[in-house]
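K.L.:
Next up is a structure, given as structure tokens.
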């Protein structure tokens, strides 16, 4: 990547364009993502010197047959245009140009001043582990599903998972404020079932219900969750809004926040959005669709997400990568070898498919994760 | 589109797949967007019968050279899985599959029960017109820019636009909570300048400042805006979060809400997202990039957005389409002929480019829009 002064973000885009037009296209993008007007029409010279995006570097990418050229374009943006708002950060990085089909957002280097203004994880990997009493090992996670289950059924299922020793039981992110199982009914019921299982087994399973709705409803849900004594919370930053996630949930959760990627799209590089940005917004763990499951992320993409969640980033705690999306118990060893111990493995449907053998399969999953050792992939910092 | 019972949404996706695999792909998508697990693993027969998405129809699209086949796939989803939450609606329509590159969301027919639960515009086209004292005519709109201007400079610019008779002066959506011009400093200053201009001209120009941030900050901004007496408000639903837009802003604004499309992406059909859904979430007007400007929307797409914003939709007020994105004063007649009088035209940079001639060009724009007559494109309902 090019370099930029300490008071500017450096943002990398991938642009498809004919080689003869890439310079004009890059310049237009730099204006689109900042002043949204022709530079010559900016009357104030001091603004003209600092505020418009600047094209710092243009590098051609290998040609693909039948496509126009593709280029990596580094553009710098003034940090003062963002302040401390995660929404305005997304707006400057990709607000208007998200509507254009020739641009993807590949990477962004956030200056220290901006990193210091963003909340980052309140608990991080160590805090999430501590909530489960898990020492230095990887964590196991599963999901309550399908949507449509009544509170008693959800509680029964949660109790079975907890007796099997799963570390974190989260709601399916499709379980929202539905009439069949309102938050205030299902969350205490599920937590009671998990508490009972923990008392019976001596385990430390925690529950992460899914927050959904506008700020009034979220505030009510946070109160119910706190009163019930949940150990974590799940939320979808791109559905609730990054500013809500960073301002309301990060401040009020009081327990680790697990981010779900729903509505994240494909136009922003997953390592940037699900790894670096969700972490900067306050996610203690970030769920992503692992390669070889129901989604198309490559092995390299998944490794990059995990790296972005854990690597040094200002003074922010590392966040726990959570590979998911159609994973199976028979892939646990492979996933742990790939991602290492600073990882939470999420397996949902594959446990439910076991039918009457659910508790046995869940126990096999939890045990295998708990007993995993080794230092592969441990955070290097 | 296929048909579906009154308690189900009918959702149309465009899927790229080899013809031999489209049935399996459509079935997988129906599960992905609902229960997120294999149907056979759902223990409860009553849930299995209703809650999973159902493939209702698969229709091949014309083949494109060098691509696999493409299909329009209609899937129905149970309305009970959504309740009344705009975020959960987006989640069900496109949450997980937004991460997949072979799927686009083309259309969605919302059942009456859902439409009745969503807020819709509080003011609609008639209310926005009334706020400007504009009778039955189209409206003119411009933007304060660039970001980086101090409150006094923004106020001076707003005063010039107001003296020129522009109906609505909005903040550029890149103007957020920045140190150079905090909301509580710039909004009263701009409103005072517009008030002074209105007193001088007898005009009814209104100001729409841009709301940005989490719910705490938004609540403070709403108070400042109310105290200043602004006539409208601007917000980006996909950045702030649809639930925040529908719950907090729609309820608390007290003036018409103008939605900006930043971060809306390209994978959801603009007519559905910017037209129907933003309107259902409470937008009184919806800005979109008009064809022939800086963005790639086709003429057909722009007409479809305007139609979706205005057409009958439950009991919801129509919303005002706002074509924008690099428009010029010399295109006013063409745009009015295309979109008709139930339209607000937004021209920003082209006015600023006039330099010392800004007021004259702005006045020419405002006058041409004010004097436009004719019934082309009037709401048919």
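K.L.:
Does residue B:87 satisfy the criteria of being facing chain A (nearest Cβ under 10 Å), modelled with pLDDT under 95 and either in a loop (DSSP other than H, G, I, E, B) or more than 21 Å from residue B:306 (Cα to Cα) (or both)?
P.N.:
On the way: facing chain A (nearest Cβ under 10 Å): yes; modelled with pLDDT under 95: no; either in a loop (DSSP other than H, G, I, E, B) or more than 21 Å from residue B:306 (Cα to Cα) (or both): yes.
When the stated conditions are applied, residue B:87 does not pass them.
K.L.:
Out of the residues in the range B:53-67 meeting the condition of being loosely packed, with under 15 Cβ neighbours inside 10 Å and assigned to a loop (DSSP other than H, G, I, E, B), tell me which one is modelled with the highest pLDDT. Even if it seems obvious, please write down each step before you answer.
P.N.:
Let us first name the residues in the range B:53-67 that are loosely packed, with under 15 Cβ neighbours inside 10 Å, namely B:59-67.
Remaining after also requiring assigned to a loop (DSSP other than H, G, I, E, B): B:61-67.
Details: B:61: 95, B:62: 91, B:63: 80, B:64: 80, B:65: 79, B:66: 76, B:67: 79.
Only one residue tops the list, namely B:61.
K.L.:
Return yes or no: is residue B:196 within 11 Å of chain A (Cβ to nearest Cβ), touching a helix residue (DSSP H, G or I) at 6+ places or on another chain (Cβ under 8 Å) and more than 30 Å from residue B:266 (Cα to Cα)? Spell out the reasoning first.
P.N.:
Working: within 11 Å of chain A (Cβ to nearest Cβ): no; touching a helix residue (DSSP H, G or I) at 6+ places or on another chain (Cβ under 8 Å): yes; more than 30 Å from residue B:266 (Cα to Cα): yes.
In short, no.
K.L.:
Can you find a residue in the range A:10-17 that is crowded, with 22+ Cβ neighbours inside 10 Å, under 23 Å from residue A:278 (Cβ atoms), more than 10 Å from chain B (Cβ to nearest Cβ) and modelled with pLDDT of 95 or more? So that I can check it myself, show each step before the final result.
P.N.:
Residues of the range A:10-17 that are crowded, with 22+ Cβ neighbours inside 10 Å, as a first pass: A:11, A:13, A:15.
With under 23 Å from residue A:278 (Cβ atoms) added as a condition, the list becomes A:11, A:13.
Okay, now just the ones that are also more than 10 Å from chain B (Cβ to nearest Cβ), so A:11, A:13.
Remaining after also requiring modelled with pLDDT of 95 or more: A:11, A:13.
Checked the range A:10-17: at least one residue is crowded, with 22+ Cβ neighbours inside 10 Å, under 23 Å from residue A:278 (Cβ atoms), more than 10 Å from chain B (Cβ to nearest Cβ) and modelled with pLDDT of 95 or more.
K.L.:
Within the range A:28-44, which residues are within 12 Å of chain B (Cβ to nearest Cβ) and in a helix (DSSP H, G or I)? Lay out the reasoning, then the answer.
P.N.:
Step one: of the range A:28-44, the residues within 12 Å of chain B (Cβ to nearest Cβ) are A:28-29, A:31-44.
The answer is A:28, A:29, A:31, A:32, A:39, A:40, A:41.
K.L.:
Hey, another quick one. What residue, of A:228, A:269, A:220, is away from every other protein chain (no Cβ under 14 Å) and either at pLDDT below 95 or surrounded by fewer than 24 Cβ atoms within 10 Å (Cβ to Cβ) (or both)? Working first, answer last.
P.N.:
Details: A:269 fails: away from every other protein chain (no Cβ under 14 Å); A:220 fails: away from every other protein chain (no Cβ under 14 Å).
Just one listed residue meets the conditions, A:228.
K.L.:
Another one. Restricting the range B:148-196 to residues that are touching a strand residue (DSSP E or B) at 6+ places or on another chain (Cβ under 7 Å) and part of a loop (DSSP other than H, G, I, E, B), which is surrounded by the fewest Cβ atoms within 10 Å (Cβ to Cβ)? Reasoning before the result, please.
P.N.:
Taking the range B:148-196 first, the residues touching a strand residue (DSSP E or B) at 6+ places or on another chain (Cβ under 7 Å) are B:149-151, B:154, B:157-158, B:161-162, B:166-173, B:175-176, B:190-191, B:194.
From what is left, the residues that are part of a loop (DSSP other than H, G, I, E, B) are B:149-150, B:166-167, B:172-173, B:175-176.
Details: B:149: 25, B:150: 15, B:166: 29, B:167: 29, B:172: 22, B:173: 26, B:175: 27, B:176: 27.
Once the filter is applied, the top-ranked residue is B:150.
K.L.:
Here's a follow-up. Among the residues of the range A:237-255 satisfying the criterion of being more than 7 Å from every other protein chain (Cβ to nearest Cβ) and under 13 Å from the mean Cα position of the chain (by Cα), which is nearest to residue A:140 (Cα to Cα)? Explain how you work it out, then say what you get.
P.N.:
Let us first name the residues in the range A:237-255 that are more than 7 Å from every other protein chain (Cβ to nearest Cβ), namely A:237-238, A:242, A:245, A:249-255.
Pick out the ones that are also under 13 Å from the mean Cα position of the chain (by Cα) and you get A:237-238, A:242, A:245.
Working: A:237: 22, A:238: 25, A:242: 26, A:245: 24 Å.
The extreme case among them is A:237.
K.L.:
How many residues does the range A:158-172 hold that are more than 7 Å from chain B (Cβ to nearest Cβ), within 26 Å of the chain's Cα centre (by Cα) and at negative phi? If you could, list the steps in order and put the result at the bottom.
P.N.:
Step one: of the range A:158-172, the residues more than 7 Å from chain B (Cβ to nearest Cβ) are A:158-171.
Pick out the ones that are also within 26 Å of the chain's Cα centre (by Cα) and you get A:158, A:161-162, A:165-171.
Among the residues that remain, those that are also at negative phi are: A:158, A:161-162, A:166-171.
Of the residues in the range A:158-172, 9 are more than 7 Å from chain B (Cβ to nearest Cβ), within 26 Å of the chain's Cα centre (by Cα) and at negative phi.
K.L.:
Condition (residue is within 11 Å of chain A (Cβ to nearest Cβ) and touching a helix residue (DSSP H, G or I) at 6+ places or on another chain (Cβ under 7 Å)) applied to the range B:115-127: is it met by at least one residue?
P.N.:
Yes, that holds for at least one residue.
K.L.:
Are there any helices (runs of 4 or more DSSP H) wholly within the range B:245-358 with 1 or more residues that are without any contact (Cβ under 8 Å) to a residue 40 or more places away in the chain and over 29 Å from residue A:16 (Cα atoms), and if so which? Working first, answer last.
P.N.:
Details: elements: B:278-281, B:299-310, B:332-339, B:349-352.
Hits in the range B:245-358: B:299-310, B:332-339.
K.L.:
Now, a different point. So, of the residues in the range B:333-362 that are more than 14 Å from every other protein chain (Cβ to nearest Cβ) and surrounded by 20 or more Cβ atoms within 10 Å (Cβ to Cβ), which turns out to be nearest to residue A:36 (Cα to Cα)?
P.N.:
Looking only at the range B:333-362, we keep the residues that are more than 14 Å from every other protein chain (Cβ to nearest Cβ), and these are B:333-345, B:360.
If we keep only those that are surrounded by 20 or more Cβ atoms within 10 Å (Cβ to Cβ) as well, we get B:335-336, B:339, B:341-345.
Numbers: B:335: 21, B:336: 24, B:339: 24, B:341: 27, B:342: 26, B:343: 22, B:344: 19, B:345: 17 Å.
Restricting to residues being more than 14 Å from every other protein chain (Cβ to nearest Cβ) and surrounded by 20 or more Cβ atoms within 10 Å (Cβ to Cβ), the top hit is B:345.
K.L.:
Moving on. Could you please find all residues in the range B:43-52 being in contact with a strand residue (DSSP E or B) (Cβ under 7 Å, 6 or more places away or on another chain) and crowded, with 19+ Cβ neighbours inside 10 Å? Quick ask: steps written out before the conclusion?
P.N.:
Initially, the range B:43-52 is screened for residues in contact with a strand residue (DSSP E or B) (Cβ under 7 Å, 6 or more places away or on another chain), giving B:50-51.
Correct list: B:51 only.
The values are calculated or read from the model by the stated rules, or taken from the named source; none is laboratory data. This one's a predicted model, so the numbers in the text were calculated from it and none came from an experiment. For neighbour counting, all protein chains shown are included, and Cβ atoms are generated from backbone atoms with ideal geometry for every residue, glycine included.
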